[in-house]
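Trainee: This structure is in structure tokens; I'll ask about it shortly.
The values are calculated or read from the model by the stated rules, or taken from the named source; none is laboratory data. The shown structure was predicted, so the numbers you read here are calculated from the model rather than taken from an experiment. Note that each Cβ is placed from the backbone with ideal geometry, even for glycine, and that neighbours are counted across all protein chains shown. Remember, those area values only see protein heavy atoms, side chains included, never the ligands or the DNA or RNA. Shrake-Rupley method; radii C 1.70, N 1.55, O 1.52, S 1.80 Å.
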Amino acid sequence: MSGGPPKALPSTGPHSLRDMPHPLAGSSSEEAVGGDSTPSPDLLMARSFGDKDLILPNGGTPADTSSPASSSSLLNRLQLDDDIDGETRDLFVTVDDPKKHVCTMETYITYRITTKSTRVEFDLPEYSVRRRYQDFDWLRSKLEESQPTHLIPPLPEKFVVKGVVDRFSEEFVETRRKALDKFLKRITDHPVLSFNEHFNVFLTAKDLNAYKKQGMALLSRVGESVKHVTGGYKLRSRPLEFAAIGEYLDTFALKLGTIDRIAQRIIKEEIEYLVELREYGPVYSTWSALEGELAEPLEGVSACIGNCSTALEELTDDMTEDFLPVLREYILYSDSMKNVLKKRDQVQAEYEAKLEAVALRKEDRPKVPADVEKCQDRMECFNADLKADMERWQNNKRQDFRQLLMGMADRNIQYYEKCLMAWESIIPLLQEKQEAK
Amino acid sequence: MEQPPLEPERQLQPAPVEPLGCPDAELEAAVSEEGEGGLEEVSEDRTMTENNFWLKKIEISVSEAEKRTGRNAMNMQETYTAYLIETRSVEHIDGQSILTDSLWRRYSEFELLRNYLLVFYPHIVVPPLPEKRAEFVWHKLSADNMDPDFVERRRIGLENFLLRVASHPVLCRDKIFYLFLTQEGNWKETVNETGFQLKADSRLKALNATFRVKNPDKRFTELKHYSDELQSVISHLLRVRARVADRLYGVYKVHGNYGRVFSEWSAIEKEMGDGLQSAGHHMDVYASSIDDILEDEEHYADQLKEYLFYAEALRAVCRKHELMQYDLEMAAQDLASKKQQCEELATGTVRTFSLKGMTTKLFGQETPEQREARIKVLEEQINEGEQQLKCKNLEGREFVKNAWADIERFKEQKNHDLKEALISYAVMQISMCKKGIQVWTNAKECFSKM
């Protein structure tokens, strides 16, 4: 094995990364920004280096896999800190405008996908197409097939229990839209995935169905080769770092599952609390009707409790729509990542088996046979891609969770602030001297 | 009106409208104060009596509660709680308080005192006792009478009762009340000797009067209606509030689980670990804060409960009025029929059916002498009846006047107290909100450092 993967450019370190707004963040991430957000000199260097590579003839798709330092993996590692600054970004994708379509056979929702890009891979600077969930599902499968060495972002859950959740309710559609938007943005930010052919077609094709029927025509060589790695090879020893990733993902998924259950339980308790509050407030009103001097104060308390109830309802709605889905996404994400890890194990196992077979043949060949070399390359490429993607994933995960948890804290703060305002405003009313009736 | 000297029995009835020298509305009952009740009672009673109790300022407190075992009336062993009542007099000059009396009473003795007051002061809205058994509890609170929290809240409630009585312009002068505070032994016998149990109006009589009275004072009818509604609405309020407390408890406590899972999660994270860990700590703080919050809210519930029970006291005054009015109506009716009988006898016309008329028909007319005798008896009875009616009328009017004065006093007190209760409830809510904001702001800070 000649040389390891090339060393990544000096990292800017976790500190400055934290100071920058996450590419997926909305305006609320302004708060997350700590100090100043001008990129450090290191980053600037990385960016320009990355730019040069972007203009490679085949745009970075892993056509040439002979060297572990394939342009794609290099790109991947270099562009770790790159997507942050909007200046270098040349692809913008948005999902919005959900619409309901009623047909004889079925009813479904489509979303508008708007793409703006200066990349050469796009004929036009702007595209607007309509896609439904099925199409996203198709895209994801294709990406998994064609880029098996990379971590593909998760989609929101496919199936919903009919009758329990209304697939066409505003809340459900909006939650799904946000998740689909996030899915595409994650792909957009990925230096390799964003150049994927299928992704391009998804964003631009007028008739996606026609393209779908073409099938495997554009499968890349890596995809092809990895796809044909059969199971059945036993892994000798997993490199420490991948074992560690596997263990990490296991525990991570477990903890997220627990947090999901806790969050659901809290929402349930809050809803039950809300039910009681909605009965509690009006009783003060009823009492107020009996009284003279106390009528206004009691009515005031009733209105106050009503305001708190409304604030609580907003809190539970927000948590249901914004918090839970993101948690679930990450659980799905780690599941799919574990599958990629398994595939990597398989690739390594195949290589090891073939290598052993050669050694056993006891031929004094100075040169390692070509197919064994291919296996080695495949494995090293996979390792490099995966490592880079993991690092990227870790950083994004950190940003996402910071935003998610800060969002949760924010919503609770807002809830209490609304209640505080309501109660503070009735103190003067309660203290007021009433005119004798 | 001169205040007659206090006798060992009781005050004379009816009690004077304006209590001599007792300040009225300025007196504030110290409601549910912990420890010493800060009540001052000043009497400017110029009458020199043996028991010049009220010349000095006094402070009353129910300072302790103790579990006791003893034997009850059926010689069976029982456990009960005894409460220590301490009375202090405050010297005018230097403000120092000296303990003048200290004795132990149990709940049943408080009940005895109150029942006595109800009988001898039917025109007064008599302050209620704290509940005998814990009601409107939410799940964490115990419904057990021996539970220390319940005992503590009852101690406060009993102190409040004594302070209410002591601050009432009429009730404060009662001898039995004085003895309750000062004479430990023999007090029960003394109360029973007043014969109040015999004097009490029977329930059946009262019920009958309520149904049959024709012309009660409208104000009392309205007041009765009001107290029914008040009782209903406060009960409902307390029930729902208990459920609200239950749910709120659940919400806070579940957040405690975040503490544990964040801690576990932080173990596998490098950069995120510290932020998660410290945020988890704040979640624990949040979860445990609910205990104190809800304990404070019980205080509010107790204030509402007092007025729930006051509704019953209001109803009692209304019932007494109805009884007296009915009594008056019956007496008037009786008088009217006697007068008519007399008239018939005198004029010889029999317009109404009477037994005498029947027997006359059957057995023959009575003699003029007999008739004269009967007329004379009737005239005597009519005279007596008219005197009695005058008396009853006067009594009735006095009652209405005195009762209504106390009711007005009560209304003022109620409006003031409930407003204070609502204000303190709002203050509690504000404090809870501020705590919530604090905790979540701290957690957010930790998350931002992830």
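Trainee: Against the 2.2 N^0.38 Å scaling, with N counting residues, where does region B:400-450 land? I'd like the Cα-based Rg ratio to two decimal places.
Mentor: On the way: Rg = 22.0 Å, N = 51, 2.2 N^0.38 = 9.8 Å.
So region B:400-450 has a normalised radius of gyration of 2.25.
Trainee: Taking every eigenvalue of the Cα gyration tensor of region B:163-221, multiplying by 5 and rooting it, what semi-axes result, largest first, whole Å? If you can, show how the numbers build up before the last one.
Mentor: Details: eigenvalues 204, 64, 10 Å².
One finds semi-axes of 32, 18, 7 Å for region B:163-221.
Trainee: Tell me: how much accessible area in total is hidden between A and B, 1.4 Å probe, Å², nearest 100? Let's see the in-between values first.
Mentor: Details: alone 24060 and 25510 Å², together 44060 Å².
In total, chains A and B hide about 5500 Å² from solvent.
Trainee: Take B:338, A:116 and sort them by solvent-accessible surface of the protein heavy atoms, 1.4 Å probe, largest at the top. Could the numbers behind the result be given before it?
Mentor: Values: B:338 45, A:116 100 Å².
The most accessible residue leads, giving A:116, B:338.
Trainee: Please list B:194, A:107 from largest to smallest accessible area, probe radius 1.4 Å, with all protein chains kept in place. Present the calculation step by step, with values, prior to reporting the outcome.
Mentor: On the way: B:194 15, A:107 45 Å².
Ranked from most to least accessible, the order is A:107, B:194.
Trainee: With θ taken as phi - 60° and the coefficients 6.51, -1.76 and 1.60, list the Karplus ³J(HN,Hα) couplings across region B:409-422 in order, rounded to whole Hz; mark glycine and proline as x.
Mentor: Whole-Hz 3J(HN,Hα) from phi for region B:409-422: 4, 4, 4, 4, 4, 4, 4, 5, 4, 5, 4, 4, 4, 5.
Trainee: Would you kindly find the accessible area of residue A:280, with a 1.4 Å probe and non-protein molecules such as ligands, DNA and RNA excluded, rounding to the nearest 10 Å²?
Mentor: That residue has around 0 Å² of solvent-accessible surface.
Trainee: Leaving ligands, DNA and RNA out of it, report the carbon-plus-sulfur percent of the accessible area of region A:259-325 at a 1.4 Å probe.
Mentor: Of the solvent-accessible surface of region A:259-325, carbon and sulfur hold 50 percent.
Trainee: I need the Debye-formula profile for region B:116-248: one equal scatterer per C-alpha, no solvent, reported as log10 I(q)/I(0) at q = 0.22 1/Å, two decimals.
Mentor: These q points yield log10 I(q)/I(0) values of -1.32.
Trainee: Alpha carbons only, please: Rg and Dmax for region A:134-204, in angstrom.
Mentor: 13.5, 41
Trainee: Next question, about the same structure. What is the diffusion coefficient of region B:184-269 in µm²/s, taking the Kirkwood radius over Cα pairs and the Stokes-Einstein relation at 20 °C with a viscosity of 1.002 mPa s?
Mentor: Working: Rh = 19.6 Å.
Estimated diffusion coefficient is 109 µm²/s.
Trainee: Through the Karplus equation 6.51 cos²θ - 1.76 cosθ + 1.60, θ set to phi - 60°, convert the phi angles of region A:269-283 into ³J(HN,Hα) values in whole Hz; use x for Gly and Pro.
Mentor: Once rounded to whole Hz, the list reads 4, 5, 5, 5, 4, 4, 4, 5, 4, 5, 8, 5, x, x, 5.
Trainee: Are any of the pairs B:188/B:414; A:342/A:397; A:142/A:343; A:255/B:444; A:182/B:444 more than 25 Å apart by Cα-Cα distance, and if so, which? Could the numbers behind the result be given before it?
Mentor: Values: B:188/B:414 32 Å; A:342/A:397 21 Å; A:142/A:343 16 Å; A:255/B:444 20 Å; A:182/B:444 23 Å.
Long pairs (Cα-Cα over 25 Å): B:188/B:414.
Trainee: With every protein chain in place, what's the accessible area of residue A:393 (1.4 Å probe, Å², nearest 10)?
Mentor: We get 10 Å² for residue A:393.
Trainee: At a temperature of 20 °C and a viscosity of 1.002 mPa s, determine how fast region A:303-391 diffuses translationally according to Stokes-Einstein, using the Kirkwood radius over alpha-carbon pairs as Rh; express D in µm²/s, rounded to the nearest whole number.
Mentor: 123 µm²/s
Trainee: Give me the distance between the Cα centres of region A:125-184 and region B:189-267, rounded to whole Å.
Mentor: 56 Å
Trainee: Now, a different point. Work the Kirkwood hydrodynamic radius out for region B:363-450: mean of 1/r over every pair of different alpha-carbon atoms, inverted, in Å.
Mentor: Result for region B:363-450 stands at 20.6 Å.
Trainee: How big is the accessible area of residue A:391 in square angstrom, nearest 10, if you roll a 1.4 angstrom probe over the protein chains?
Mentor: 100 Å²
Trainee: Work through the residues other than residue B:328 whose Cβ is under 12 Å from its Cβ and net out their charges, Lys, Arg +1 and Asp, Glu -1.
Mentor: Values: positive: B:214, B:390, B:392, B:397; negative: B:217, B:322, B:327, B:329, B:334, B:395.
Here the charged neighbours net out to -2.
Trainee: Further question: Hey, what does the equivalent ellipsoid look like for region B:207-249, semi-axes from the Cα gyration tensor as sqrt of 5 times each eigenvalue, largest first, whole Å? Working shown, then result.
Mentor: Values: eigenvalues 258, 19, 3 Å².
Equivalent ellipsoid of region B:207-249: 36, 10, 4 Å, largest first.
Trainee: Remind me, what semi-axes does region B:220-337 give for its equivalent ellipsoid, largest first in whole Å, using sqrt of 5 times each Cα gyration tensor eigenvalue? All intermediate terms of the calculation are to be shown ahead of the outcome.
Mentor: Numbers: eigenvalues 759, 17, 8 Å².
Values for region B:220-337, descending: 62, 9, 6 Å.
Trainee: Still on this model: Filter the GluC sites (Glu not before Pro) in region B:160-200 to those in DSSP coil with at most 10 other Cβ atoms within 10 Å of their Cβ, and list the result. Before the final figure, lay out each step's value.
Mentor: Working: sites: B:184, B:189, B:193; in loops: B:184.
Passing sites in region B:160-200 do not exist.
Trainee: Can you compute 3J(HN,Hα) from phi for each residue in region A:284-289, using the Karplus curve 6.51 cos²θ - 1.76 cosθ + 1.60 with θ = phi - 60°, rounded to whole Hz and x for Gly and Pro?
Mentor: For region A:284-289, the Karplus curve yields 4, 5, 4, 5, 4, 5 Hz.
Trainee: Just to confirm my numbers, what's the Cα centroid distance between region B:156-171 and region A:303-342 in Å?
Mentor: What the calculation gives is 54 Å, centre to centre.
Trainee: What residues qualify as long-range amide H neighbours of residue B:59, i.e. H under 5 Å apart, gap of 5 or more or another chain, H built at 1.01 Å from N?
Mentor: B:88, B:89, B:90
Trainee: May I ask for the net charge around residue B:260, where only other residues with Cβ less than 14 Å from the Cβ of residue B:260 are counted and Lys, Arg are +1 while Asp, Glu are -1?
Mentor: Details: positive: A:255, A:261, A:265, B:253; negative: B:264, B:284.
Combined, the nearby Lys, Arg, Asp and Glu give +2.
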